[in-house]
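Reading through the structure tokens given below for one structure.
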Amino acid sequence: MANIRKGDTVQVISGPTPERGGSRGKQGRVIEVLGDRVIVEGVNFVTKHVRVGQTQRGTKTGGIETHEAPIHVSNVALIDPETKKPTRVGFRVESVEKDGVTKTTRVRYAKKSGKDL
């Protein structure tokens, strides 16, 4: 089970500060998880040169675009829902009984506050 999933709110904990052109300290929502990397909304912008083309209607496309680039999962930390600060993730095994059948599930929780994620 992954520590960080799509839709989680994370904070960048390493790299250069915003004053030096980096993203450390910025918070954002995870858009996509790509193996050991994540794409975070509003973090780690890069410029991409796109070849000029035309659409069916004749409008021009392309030029210089900016979009979010992947960042390694070790460089981000999950945000605690209670304190709004970075926290580590733990897993708790819980047994749920439904219709006489017990089922065990793993639940993620914030280590700082103990709240479920």
Under 30 Å from PHE91 (Cβ atoms) and outside the structural domain of LYS111 (by TED's automatic domain parsing) - does that describe any residue in segment 48-67? no
Hey, among VAL43, VAL10, which residue is closer than 12 Å to PRO70 by Cα and either surrounded by 15 or more Cβ atoms within 10 Å (Cβ to Cβ) or touching a Leu at 6+ places or on another chain (Cβ under 9 Å) (or both)? VAL43
Could you check segment 48-67 and list, in sequence order, the residues that are loosely packed, with under 10 Cβ neighbours inside 10 Å and touching a residue at least 12 places away in the same chain (Cβ under 8 Å)? HIS49, ILE64, THR66
Residues of segment 16-34 classified as closer than 16 Å to GLU68 by Cβ and either basic (Lys, Arg) or at pLDDT below 90 (or both), total: 7
In segment 12-34, how many residues are over 9 Å from the mean Cα position of the chain (by Cα) and hydrophobic (A, V, I, L, M, F, W, C)? 3
Of all residues in segment 68-117 being buried (at least 17 other Cβ atoms within 10 Å of the Cβ), among the charged types (D, E, K, R) and more than 13 Å from the chain's Cα centre (by Cα), the one that is nearest to SER23 (Cα to Cα): ASP80
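The values are calculated or read from the model by the stated rules, or taken from the named source; none is laboratory data. Everything numeric here is computed off the predicted structure, so don't read it as measured data. Counting neighbours? That spans all protein chains shown, and the Cβs are built from the backbone with ideal geometry, glycine included.
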